[in-house]
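Enquirer: My questions all concern the structure below.
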Amino acid sequence: MELEREVRYLRGVGPGRAALLARLGIRTVGDLLRYCPRRHEDRRSIAPLGQLAVGQATTFRGRVVDQRELRPRAGLVISQAVLEDGTGRVRLVWFNQPWRLRDAAPGRELVAFGTAQWRYRELQVQNPEYEVLEGGDLLQVGRMVPVYRLTEGLNQRGMRRLVWQVLEDGGAVVEDPLPEELRSRRSLVSLQRALRGIHFPADFLDLEAARRRLAFDELFGMQKALAAGRRERAGVVKGLRYGPPGALTRAMLERLPFALTAGQRRSLEEIWADLERPEPMYRLLQGDVGSGKTVVAAAALLRAVEAGHQGALMVPTELLAEQHAANLRRLVEPLGVRLDLLTGGQPKREREAVQERLAAGEAGVVVGTHALVQEGVRFARLALAVIDEQHRFGVRQRELLPEKGERPDLLVMTATPIPRTLILTLYGDMAVSLIDSLPPGRRPVKTFFLERNRREEAYGFLERQVGAGHLAYVVCPLIEESEAMAARAAAQLADQLRRRFAGDGVGLVHGRMPFREREAVMEEFRTGRQRILVATTVIEVGMDVPEATVMVVEGAERFGLAQLHQLRGRVGRGDAPGYCLLLEGKGTPEARERLSTLAGLTDGFAVAEADLKARGPGEFFGTRQHGLPDLVVADPLRDADLLLEAREEAQLAEGLEPAAAALPRRG
Ligand code: ADP
Ligand code: MG
């Protein structure tokens with residue numbers, strides 16, 4: 001049976017069932033075989049009812065001999081079914097699930113899973129999982145049994161049968177794309193064995209071998225794509241070349257009110273060396289929040305301008321674009337370099353004027369949002385594309401900006417420190433620079449977690465800080481559903497705070513605000529006319545207001561640790577120490593523990609690792625992150641070693657010298 005065959009042509013699958021399967025993403029036989037079970041139930045040994053161990057989760061089976069329904073009081077329905085198997089009996093009990101008795105009808109055979117207890121002098125299992133067995137249903141018991149994530153209208157039993165049918169009919173012809181030699185080198189089982197083992201393994205070892213093989217395939221595919229990209233780029237020559245660093249760049253660096261840190265200097269040297277090479281730069285610059293990536297980017301952009309070319313800096317939010325533009329202007333405009341801003345929220349006329357200057361080659365550096373990669377935008381001589389806060393863009397988007405030039409240099413920057421294994425997953429084909437220390441004198445933001453009843457304390461502290469002449473942020477709980485909802489919640493919180501802090505001025509920014517309005521609010525805050533800024537996560541990246549010393553985060557448990565670390569990086573950027581008060585919204589013990597961890601961690605890398613462990617890679621990047629490749633079976637954390645093996649094989653397959661893992665140099 002071919003893997004491309006559509007499931008609707010399988011025996012027992014009509015259009016109706018095919019539609020349900022499609023909801024799970026299963027269209028072909030191949031999809032079905034790769035639809036991995038959520039877990040397996042060990043039904044190899046089924047306990048005779050006479051030997052059910054009390055207090056232990058067990059699988060058992062029996063025939064329903066009796067059932068009844070009790071309604072001891074309003075609002076409570078107790079459904080009971082009694083199972084027997086010749087060795088003993090057990091009573092199954094469900095609360096307020098009257099439909100259970102339709103399944104557990106007398107005469108039917110059930111296999112069930114649950115923990116038995118002594119109640120009223122008999123064995124009872126409350127709220128067991130169960131399945132109804134039908135004649136000849138040997139797939140469902142006496143073995144390791146897969147449990148799938150299903151949708152309404154499908155059941156476990158049917159799904160197992162379908163997969164089994166396909167494995168039995170078609171298993172023999174699954175062709176293995178991996179050469180025998182590679183498989184034995186890496187101790188991988190055949191694809192055929194893996195596809196069978198992932199559904200119906202003989203035991204847990206068999207299951208792990210299957211999982212490892214399928215995980216390898218995912219990682220290998222991804223690493224091959226990265227390696228292919230690297231091979232394609234090898235030998236490519238960029239369209240525009242650089243001269244040596246000139247007076248402009250030197251002047252900018254000399255005019256800085258501070259000395260670059262060792263990490264900044266090293267990164268800048270690495271970037272400059274790349275610029276001078278004939279092939280385009282393809283580099284990731286990593287550095288914790290506040291490590292000073294912007295000046296490094298600026299010094300690279302100036303090299304482009306100096307050589308008579310253009311540079312572009314793309315950032316994920318308008319707010320950040322506006323702010324970067326303002327900061328960079330201060331650096332480059334005194335040197336006579338024109339800096340433009342391009343965002344979607346800008347008035348049309350302004351945007352068009354900027355676009356004209358870019359096309360005519362009049363603009364040297366442009367800062368913007370994804371408006372930069374819109375169709376109508378043309379650059380006369382784009383030599384360097386810089387993407388800030390790359391983790392907030394998708395992988396595809398990072399490719400779009402360079403397409404505006406003739407094989408330009410590309411620098412991506414990220415402040416979510418990315419654990420090593422994820423770097424290989426996401427940026428395995430890039431060179432990496434690391435700024436590994438903060439500018440001198442920067443103290444870690446003191447972070448406190450406050451339970452719900454201590455909200456008043458938090459605002460009391462904020463009041464004192466503001467009273468002492470500092471500025472404060474209040475961050476609203478995360479609402480991912482819609483920008484509009486987030487905006488509404490922010491407005492409510494601002495109103496509430498305005499009543500209390502009338503004299504200090506309470507500003508409000510959120511993602512739905514028009515450009516001008518937001519710009520005005522930011523200006524009021526920066527200049528201290530409004531001393532408290534209520535905001536959604538639009539301020540997460542890049543905000544740089546040195547007078548801000550305190551941040552209160554409402555509903556902190558909704559945020560990831562890495563995100564909170566980003567947020568708190570907004571305070572304590574000046575001379576006074578910074579404080580971050582994490583307020584609990586609806587707390588759970590796990591959330592409390594997670595948030596308390598953050599109070600003790602100051603290094604962004606440690607935070608990222610902790611976050612990744614707590615929530616897994618998908619959540620780690622938040623739902624808006626699209627950069628993570630589709631990994632279903634593989635887990636870049638758990639399968640770190642496998643990832644390295646897949647990477648080596650991918651490089652071999654693409655005929656590349658195995659590159660040293662793209663690891664940042666530590667100072
Ligand atoms: P991030 O890496 O988070 O983007 P920024 O580039 O926004 O950090 O820099 C944070 C702040 O640190 C800015 O106010 C910047 O001017 C300042 N800064 C950058 N480099 C240094 C340095 N070497 N010494 C002192 N301050 C610095
Ligand atoms: Mg930054």
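The values are calculated or read from the model by the stated rules, or taken from the named source; none is laboratory data. Model, not experiment: these values are computed from the prediction. Glycine also receives a Cβ, built like all others from the backbone with ideal geometry; neighbour counts cover every protein chain displayed. With ligands, DNA and RNA removed, areas are computed over all heavy atoms of the protein, side chains included. Shrake-Rupley method; radii C 1.70, N 1.55, O 1.52, S 1.80 Å.
Enquirer: If a residue has to be open to solvent by 10 Å² or more (accessible area, probe 1.4 Å) and away from ligand 2 (no atom under 16 Å from the Cβ) to count, how many in region 541-560 make the cut?
Expert: Selection size over region 541-560: 4.
Enquirer: Name the residues in region 404-435 that are within 16 Å of ligand 2 (Cβ to nearest atom) and either outside any strand (DSSP E or B) or more than 23 Å from the chain's Cα centre (by Cα) (or both), would you?
Expert: Initially, region 404-435 is screened for residues within 16 Å of ligand 2 (Cβ to nearest atom), giving 411-418, 433-435.
Passing the criteria: Ala415, Thr416, Pro417, Ile418.
Enquirer: Return yes when Val289 is among the hydrophobic types (A, V, I, L, M, F, W, C) and at pLDDT below 90 and no when it is not.
Expert: In short, yes.
Enquirer: Of everything in region 341-368, what is free of Cβ contacts under 8 Å to residues at least 24 places away in the same chain and open to solvent by less than 30 Å² (accessible area, probe 1.4 Å)? Give them in sequence order.
Expert: Val354
Enquirer: Do any helices (runs of 4 or more DSSP H) lying entirely in region 192-282 carry at least 1 residues that are hydroxyl-bearing (Ser, Thr, Tyr) and within 16 Å of ligand 2 (Cβ to nearest atom), and which ones are they?
Expert: 262-276
Enquirer: For region 103-121, state whether one or more residues are touching a Leu at 6+ places or on another chain (Cβ under 8 Å) and without any contact (Cβ under 8 Å) to a residue 40 or more places away in the chain.
Expert: Yes; the residues of region 103-121 include at least one that is touching a Leu at 6+ places or on another chain (Cβ under 8 Å) and without any contact (Cβ under 8 Å) to a residue 40 or more places away in the chain.
Enquirer: Would you mind telling me which numbered condition in (1) within 30 Å of Arg266 (Cβ to Cβ); (2) more than 16 Å from ligand 2 (Cβ to nearest atom) Val296 fails?
Expert: Only one criterion is unmet by Val296, namely (2).
Enquirer: Can you tell me which residues in region 148-187 are under 20 Å from His199 (Cβ atoms), open to solvent by 70 Å² or more (accessible area, probe 1.4 Å) and not hydrophobic (A, V, I, L, M, F, W, C)?
Expert: Across region 148-187, the qualifying residues are Arg149, Asn155, Arg161, Glu168, Asp169, Glu175, Pro177.
Enquirer: Of the conditions (1) over 24 Å from Gly560 (Cβ atoms); (2) open to solvent by 20 Å² or more (accessible area, probe 1.4 Å); (3) touching a Lys or Arg at 6+ places or on another chain (Cβ under 8 Å), Val445 clears all except one; give me its number.
Expert: Against the list (1) over 24 Å from Gly560 (Cβ atoms); (2) open to solvent by 20 Å² or more (accessible area, probe 1.4 Å); (3) touching a Lys or Arg at 6+ places or on another chain (Cβ under 8 Å), Val445 comes up short only on (1).
Enquirer: Which residues, taken from region 68-91, are more than 12 Å from Leu49 (Cα to Cα) and either of a type in the set (Val, Ile, Thr) or crowded, with 19+ Cβ neighbours inside 10 Å (or both)?
Expert: Residues satisfying the conditions are Val77, Ile78, Ser79, Ala81.
Here's the yes/no breakdown for (1) closer than 22 Å to Trp272 by Cβ; (2) among the hydrophobic types (A, V, I, L, M, F, W, C); (3) out of contact with any helix residue (DSSP H, G or I) (no Cβ under 7 Å at 6 or more places or on another chain); (4) not in a strand (DSSP E or B):
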site: Val296; (1), (2), (3), (4): yes, yes, no, yes
site: Ala300; (1), (2), (3), (4): yes, yes, no, yes
site: Leu313; (1), (2), (3), (4): yes, yes, no, no
site: Ala326; (1), (2), (3), (4): no, yes, yes, yes
site: Arg329; (1), (2), (3), (4): no, no, yes, yes
site: Glu333; (1), (2), (3), (4): no, no, yes, yes
site: Val337; (1), (2), (3), (4): yes, yes, no, yes
site: Ala353; (1), (2), (3), (4): no, yes, yes, yes
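Residues are listed down the side, and each one gets a yes or a no for (1) of a type in the set (D, E, K, R); (2) more than 16 Å from ligand 1 (Cβ to nearest atom); (3) closer than 30 Å to Val147 by Cβ:
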residue	(1), (2), (3)
Met222	no, yes, yes
Ala225	no, yes, no
Leu253	no, no, no
Ala262	no, no, no
Trp272	no, yes, no
Arg277	yes, yes, no
Arg283	yes, no, no
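Enquirer: Additional query: Here are the criteria: (1) in contact with a helix residue (DSSP H, G or I) (Cβ under 9 Å, 6 or more places away or on another chain); (2) closer than 20 Å to Ala312 by Cα; (3) within 16 Å of ligand 1 (Cβ to nearest atom). Tell me which single one Pro439 does not satisfy.
Expert: If we test Pro439 against (1) in contact with a helix residue (DSSP H, G or I) (Cβ under 9 Å, 6 or more places away or on another chain); (2) closer than 20 Å to Ala312 by Cα; (3) within 16 Å of ligand 1 (Cβ to nearest atom), just (2) comes out false.
Enquirer: Okay, next question. Here are Glu480, Glu524, Glu519: which of them is of a type outside the set (S, T, N, Q), without any contact (Cβ under 8 Å) to a residue 60 or more places away in the chain and in the same structural domain as Ala548 (by TED's automatic domain parsing)?
Expert: Checking each option against the conditions leaves just Glu524.
Enquirer: Another question, if that's okay. Hey, which of the helices (runs of 4 or more DSSP H) in region 78-185, taking only ones fully inside, have at least 1 residues that are in contact with a helix residue (DSSP H, G or I) (Cβ under 9 Å, 6 or more places away or on another chain)? So that I can check it myself, show each step before the final result.
Expert: On the way: elements: 100-103, 156-170, 180-185.
The qualifying helices (runs of 4 or more DSSP H) are 156-170, 180-185.
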